[in-house]
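Here the structure comes first, spelled out in structure tokens, and everything after it is commentary.
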Amino acid sequence: MAKGKRTSIYFDRERECFVGLTEEFIAPFKAQRPTVDYPYQIRKMTEWMITTTKGKRTVGTAKFVRDWFNRALPSPYLEKQLAEEKAQQQSEAATDNPLRPYFEEYLRELWKGREFLLEINKMTP
């Protein structure tokens, strides 16, 4: 978010939803912490706002939302999904390498008689 640019975010208690909470506001958080489930966090914030009676005037502002996102824990599901995507990209990059056949031949020659070491290295990610 650009310095000096103000956002108008507040919680509408009649409609029970945040007003002004746009994708543009959330995008920097997603870029910084992609493993946080932001739609889930927004639902949690909304439920908290509905059930709490303290801080009705000050809560629900951009600072409140920003602090909530900064304290949010990563989602194990998203962490796993991100790790799988990264592993898939790495495996695709490894198979796309035009030098791979030459490198494999070099390793077979290097470890002739000890091929089990090559197999052990292939098992590790």
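Quick note: the coordinates plus some simple rules give every number you see, no bench work behind them. Worth saying up front: this structure is predicted, and the values here are computed from it rather than measured. FYI the Cβ positions are ideal-geometry reconstructions off the backbone, even for glycines, and counts take in every protein chain you see.
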>> What distance in nm lies between label points placed 7 Å from Cα along the C-beta direction at GLU104 and ALA31?
In response: 4.0 nm
> Given a cut-off of under 8 Å on Cα pairs at least six residues apart, what relative contact order in percent is computed for region 10-74?
Replying inline: 44 percent
> For the residue pair ILE50 and ILE120, what label-to-label distance in nm results when each label sits 7 Å from Cα along the Cα-to-beta-carbon direction?
Replying inline: 5.7 nm
> Mind checking the alpha-carbon convex hull of region 78-123 and giving the volume per residue in Å³?
Replying inline: 60 Å³
> Put a dot 7 Å past each Cα toward the Cβ at ARG13 and TRP68; how far apart are the dots in nm?
Replying inline: 1.6 nm
> Among the aspartates and glutamates, which have Cα under 19 Å from the Cα of LYS86 when same-chain residues fewer than 8 positions away are ignored?
Replying inline: ASP37, ASP96
